[in-house]
Structure formats: C-alpha cells, structure tokens
Amino acid sequence: CIHLVVAVKKLPTQKLQNDYSPKCDENGKFAPIQCDQRQCWCVDVNYGTEISGSAVLAAMKRGDMCQGMLDNR
C-alpha cells in the first residue's frame with residue numbers, strides 16, 4: 001500500500017480517478033475500507049483489490065461494513 005501512496009503523490013493531482021487516494025493501516029497494508037468521492041468499498045488488505053459486491057455510496061459507509069468479507073491475516 002505504501003508504495004502505491006508514494007507513486008500517487010508523484011502524480012500532478014496526487015490522487016487517482018474520482019479523487020481516490022489509497023489509505024494504508026499502521027502496518028503498511030491497505031485499510032480494509034477504501035473510499036473516493038462517491039463510494040466506499042472493501043478491499044483485500046494485502047493487495048488492495050476490491051472485493052466484488054462490497055461497494056456502497058459514501059454516505060452509507062459503516063465502520064463494520066467489511067467484517068466477514070476479509071481475511072486480515
């Protein structure tokens with residue numbers, strides 16, 4: 001995750017599509033919930049890939065929305 005954050009910071013806007021900027025946890029892995037301007041979704045914490053069917057409108061984000069979907073090894 002941290003490598004992607006560094007790469008994004010080198011972009012002129014310092015963000016990706018829809019103002020997405022990856023969020024990392026304290027261990028350098030992806031935070032389980034990622035959000036852009038419009039929506040939030042659950043990701044595989046090791047690779048940052050979206051878990052299919054997990055996206056919700058940003059206004060509907062819940063802190064526990066990814067529980068049971070992830071293997072946070």
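The values are calculated or read from the model by the stated rules, or taken from the named source; none is laboratory data. All values reported here derive from a predicted model rather than from experimental measurement. All Cβ positions, glycine included, derive from the backbone under ideal geometry; neighbour counts span all protein chains shown.
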Please tell me if Cys42 is assigned to a strand (DSSP E or B) and not aromatic (Phe, Trp, Tyr).
-> yes
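Determine which member of the set Arg73, Arg62, Arg38 is loosely packed, with under 13 Cβ neighbours inside 10 Å, touching a Leu at 6+ places or on another chain (Cβ under 8 Å) and either at pLDDT 90 or above or not hydroxyl-bearing (Ser, Thr, Tyr) (or both).
Details: Arg73 fails: touching a Leu at 6+ places or on another chain (Cβ under 8 Å); Arg62 fails: touching a Leu at 6+ places or on another chain (Cβ under 8 Å).
Checking each option against the conditions leaves just Arg38.
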Output yes when any residue across region 7-18 is assigned to a loop (DSSP other than H, G, I, E, B) and at positive phi, and no when none is.
-> yes
Just one of (1) in contact (Cβ under 8 Å) with a residue 40 or more places away in the chain; (2) hydrophobic (A, V, I, L, M, F, W, C); (3) under 17 Å from Arg62 (Cα atoms) trips up Ala31, so point out which.
-> (1)
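Scan region 45-64 for residues that are aliphatic (A, V, I, L, M), over 19 Å from Val5 (Cβ atoms) and in a loop (DSSP other than H, G, I, E, B) and jot them down. Working first, answer last.
Narrowing region 45-64 to residues aliphatic (A, V, I, L, M): 45, 51, 55-60.
Subset that is over 19 Å from Val5 (Cβ atoms): 51, 55-60.
Listed by number, the residues that qualify are Ile51, Ala55.
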